[in-house]
Amino acid sequence: MASRRMETKPVITCLKTLLVVYSFVFWITGAILLAVGLWGKFMLGAYISIIADSSTNAPYVLIGTGTCIIVFGLFGCFATCRGSPWMLKLYAMFLSLVFLAELVAGISGFVFRHEIKGTFERTFNEAVQNYNSQDERSLAVDNVQRSLKCCGVLNYTSWFTSVWFPSNGMPASCCANISDCNPSDLRNATIAPDKVHQQGCYDLVTGFIETNMGIIAGVTFGIALSQSIVRCRKTRRRRVHVTLENSGRTHPNTSEIHSLKLFFLSLFFVL
């Protein structure tokens with residue numbers, strides 16, 4: 001019995017090493033998702049504030065998922081080093097929950113990407129018509145026009161019907177060359193078109209957000225898929241060998257096999 005246990009020990013040690021490496025990789029993917037979520041929040045923040053009535057939770061889902069993965073990855077390393085069966089069971093449950101959260105994050109990214117075109121024109125036009133240069137949406141409009149070098153919704157003529165134009169003209173954020181763009185020119189409907197950007201913001205913004213939300217969703221789905229493949233291959237071996245190490249047996253008993261089968265049936269049902 002002792003010799004057979006010694007034969008099993010190198011296998012368990014090797015498996016533990018692999019699981020620690022996997023948990024570390026799992027932690028890295030969490031850091032990536034967290035970084036992508038923060039990037040989406042700060043890079044897309046101006047555009048999201050304009051369309052506040054649309055689906056705006058995708059960056060927050062990614063931030064929350066990434067944070068959870070980082071915590072669970074550290075827990076997985078600790079559980080593997082300790083070799084505790086109940087901790088490894090809890091870790092497997094965490095992996096399933098995180099996988100579902102990643103799917104939700106990926107779906108949110110795709111939904112957000114496709115819904116944006118249907119809502120942005122209306123909400124951006126409302127922001128232009130009610131522009132006052134001070135509230136959050138007005139500042140977001142200025143940010144968008146400066147960063148993308150555009151003016152108005154479809155073009156600069158959107159500003160002619162705004163409440164801001166009669167007394168203030170077009171905002172300075174529309175200027176193509178700020179040094180050659182004074183307030184009197186911006187109030188003149190004849191001169192202003194030669195001083196501002198000719199292209200509207202609608203096509204530029206929708207293209208920008210679709211591209212970047214596609215990247216976010218693609219990264220999320222890629223991470224979720226890779227984690228599910230690796231997890232399905234390793235979870236069973238982890239559970240069996242840790243049980244062997246703690247019990248000193250070379251084969252699990254019938255009840256352990258039965259509970260393990262039930263565990264994997266439930267896991268695959270979730271996946």
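Observations on the structure shown:
- Scanning segment 171-183 for residues that are touching a residue at least 12 places away in the same chain (Cβ under 8 Å) and out of contact with any helix residue (DSSP H, G or I) (no Cβ under 7 Å at 6 or more places or on another chain) yields C175, A176, N177, D180, P183.
- Filter result (in contact with a Cys (Cβ under 6 Å, 6 or more places away or on another chain) and either among the polar types (S, T, N, Q) or closer than 20 Å to R122 by Cα (or both)) within segment 157-199: C174, Q199
- Condition met for S158 (crowded, with 19+ Cβ neighbours inside 10 Å, in contact with a helix residue (DSSP H, G or I) (Cβ under 8 Å, 6 or more places away or on another chain) and of a type outside the set (K, R)): yes
- Within segment 78-94, residues that are in contact (Cβ under 8 Å) with a residue 24 or more places away in the chain and at positive phi have Cβ atoms under 9 Å from residues that are polar (S, T, N, Q) and assigned to a helix (DSSP H, G or I) in these pairs: G83/N246, counting only partners at least 6 apart in sequence or on another chain.
- In segment 119-130, the residues that are more than 13 Å from G152 (Cβ to Cβ) form Cβ pairs under 8 Å with partners that are surrounded by fewer than 15 Cβ atoms within 10 Å (Cβ to Cβ) and at pLDDT 85 or above, at six or more places apart or across chains, as follows: N130/V163.
- Against the criterion of being of a type in the set (S, T, Y), at pLDDT below 55 and part of a helix (DSSP H, G or I), T211 does not qualify.
Condition check ((1) of a type in the set (A, V, I, L, M); (2) farther than 23 Å from A31 by Cβ; (3) surrounded by 15 or more Cβ atoms within 10 Å (Cβ to Cβ); (4) modelled with pLDDT of 75 or more) across all residues:
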| site | (1), (2), (3), (4) |
| --- | --- |
| Y91 | no, no, yes, yes |
| L97 | yes, no, no, yes |
| A105 | yes, no, yes, no |
| S108 | no, no, yes, no |
| F112 | no, no, yes, no |
| I116 | yes, yes, yes, no |
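- Every listed requirement among (1) at pLDDT below 80; (2) within 27 Å of the chain's Cα centre (by Cα); (3) surrounded by fewer than 20 Cβ atoms within 10 Å (Cβ to Cβ) is met by R146 save one, (1).
- N168 vs. criteria touching a helix residue (DSSP H, G or I) at 6+ places or on another chain (Cβ under 9 Å), surrounded by 17 or more Cβ atoms within 10 Å (Cβ to Cβ) and either at pLDDT below 90 or farther than 12 Å from P193 by Cβ (or both): yes
- Residues located in segment 178-202, provided they are over 19 Å from P166 (Cα atoms) and surrounded by 15 or more Cβ atoms within 10 Å (Cβ to Cβ): H197, Q199, G200, C201, Y202
- The C-beta contact set for segment 7-26 (first residue modelled with pLDDT of 65 or more, second residue aromatic (F, W, Y) and assigned to a helix (DSSP H, G or I), distance under 9 angstrom, 6+ apart or interchain) comprises S23/F72; S23/F75; S23/F78; S23/Y91; F26/F72.
The values are calculated or read from the model by the stated rules, or taken from the named source; none is laboratory data. Keep in mind the model is a prediction, meaning the values are calculated, not measured. Heads up, the Cβs are rebuilt from the backbone with ideal geometry, glycines too, and the neighbour counts pull from every protein chain shown.
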